[in-house]
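Peer 1: Quick one: the structure is below, and I'll ask about it shortly.
The values are calculated or read from the model by the stated rules, or taken from the named source; none is laboratory data. Quick caveat: nothing in here was measured; it's all calculated off a predicted structure. Please note: Cβ atoms are built from the backbone with ideal geometry, for glycine as well, and neighbour counts cover all protein chains shown. The area values use the complete protein model at the heavy-atom level, side chains included, leaving out ligands, DNA and RNA. Shrake-Rupley method; radii C 1.70, N 1.55, O 1.52, S 1.80 Å.
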Amino acid sequence: EADIYQTPRYLVIGTGKKITLECSQTMGHDKMYWYQQDPGMELHLIHYSYGVNSTEKGDLSSESTVSRIRTEHFPLTLESARPSHTSQYLCASSGLGGQVGGYTFGSGTRLTVV
Amino acid sequence: AQSVTQPDIHITVSEGASLELRCNYSYGATPYLFWYVQSPGQGLQLLLKYFSGDTLVQGIKGFEAEFKRSQSSFNLRKPSVHWSDAAEYFCAVGGGYQKVTFGTGTKLQVIP
C-alpha cells in the first residue's frame, strides 16, 4: 500500500510544453526529495525540501522547479520541456530522524519529451 | 565526498541458489547504509538499513547484509533466491542529515 503517490505514471509530451509532476504523501513526513533516474546510472538528487516553504537544489543541475506550500505536497514543474528531460522522476520522503530511517519512494513518473 | 560502488551491473542466479550482491562505500565518518529494491516500473523499497550496533542486519523478504568497516563494504545476501526476487538492487550511503548517495544498481535475474 503506497503512502506516497506520484501522478502521472507515464507522460509523453511535446517539446516546449509546461508540465507539472505531482507528488503527495500521507505520512506527515517533513522531508521530501525528487530524484532523476536513468538506466544504468545512479539516482541523482535534483531537489529537496526539509519543510513547508523550504526548497533546495540537489546535486544534479536541473531546469525544473519545485514548491512546498503544504507538508504533504511537493510538485515538480518544467516550464519548457526538452528531449533532454526524458527520464524517470522519483519522489521520496523521510520522517523524523532524517535519512536514518530510510526513504519511502513513490512509483515514479516516466517522462518522454518528443 | 561520499560515494557508493556496486561493481556488478548484472547478476544471474538459479532459483534456490544463494545470492550475494556487493557494495563498497566511501564516507568520512560512521556511515548510514541502506539497501533498496526496485521492481520494474516501480519506485524503490527499503530492504534494510544499518547505522549502529550489530554489523549483521536482517531485512525484509529474507535478506540480510553485513557491515565490514575494514573493507568499507555492505554486501547483501540471501541464502535461497526466489523467482520473485528478480529486480534491481541499490546500495546507498548517508550520515545523519547528510543527503543519501545511491549506487548505480545491480540487476538480478533469476532462472528456473
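Peer 1: Is there a pair in A:K57/B:K61; B:K49/B:K99; B:K78/B:K107; B:K68/B:K99 whose C-alpha atoms are over 26 Å apart, and which pairs would that be?
Peer 2: As for pairs spanning more than 26 Å Cα to Cα, those are A:K57/B:K61.
Peer 1: What order, most packed first, do the peptides B:64-70, A:50-56 have when packing is the mean number of other Cβ atoms within 10 Å of each residue?
Peer 2: Descending mean neighbour count gives B:64-70, A:50-56.
Peer 1: Moving to a separate point now. Which whole-angstrom value gives the distance between the alpha carbon centres of the stretch B:1-39 and the stretch A:32-67?
Peer 2: About 23 Å separates the Cα centre of the stretch B:1-39 from the one of the stretch A:32-67.
Peer 1: When the expected Rg is taken as 2.2 N^0.38 Å, what fraction or multiple of it is the alpha-carbon Rg of chain A?
Peer 2: Its radius of gyration relative to the 2.2 N^0.38 Å reference: 1.00.
Peer 1: Might you tell me the accessible area per residue for chain A, computed with a 1.4 Å probe and given in Å²?
Peer 2: That works out to 46 Å² per residue.
Peer 1: Write down the accessible area per residue of the stretch B:55-108 in Å², having rolled a 1.4 Å probe over the full set of protein chains.
Peer 2: Working: 2330 Å² over 54 residues.
That works out to 43 Å² per residue.
Peer 1: Continuing with the same structure: Taking only the alpha-carbon atoms of chain B, what semi-axes of the equivalent ellipsoid follow from 5 times the gyration tensor eigenvalues under a square root, in whole Å, largest first? Working shown, then result.
Peer 2: Working: eigenvalues 108, 41, 30 Å².
Semi-axes, largest first: 23, 14, 12 Å.
Peer 1: Over the C-alpha atoms of the protein assembly as shown, what are the Rg and the largest Cα-to-Cα span, Dmax, in Å?
Peer 2: 17.6, 53
Peer 1: Could you tell me the largest-minus-smallest coordinate of the C-alpha atoms of the stretch A:1-51 on each of the three principal axes, in descending order and whole angstroms?
Peer 2: 35, 23, 23
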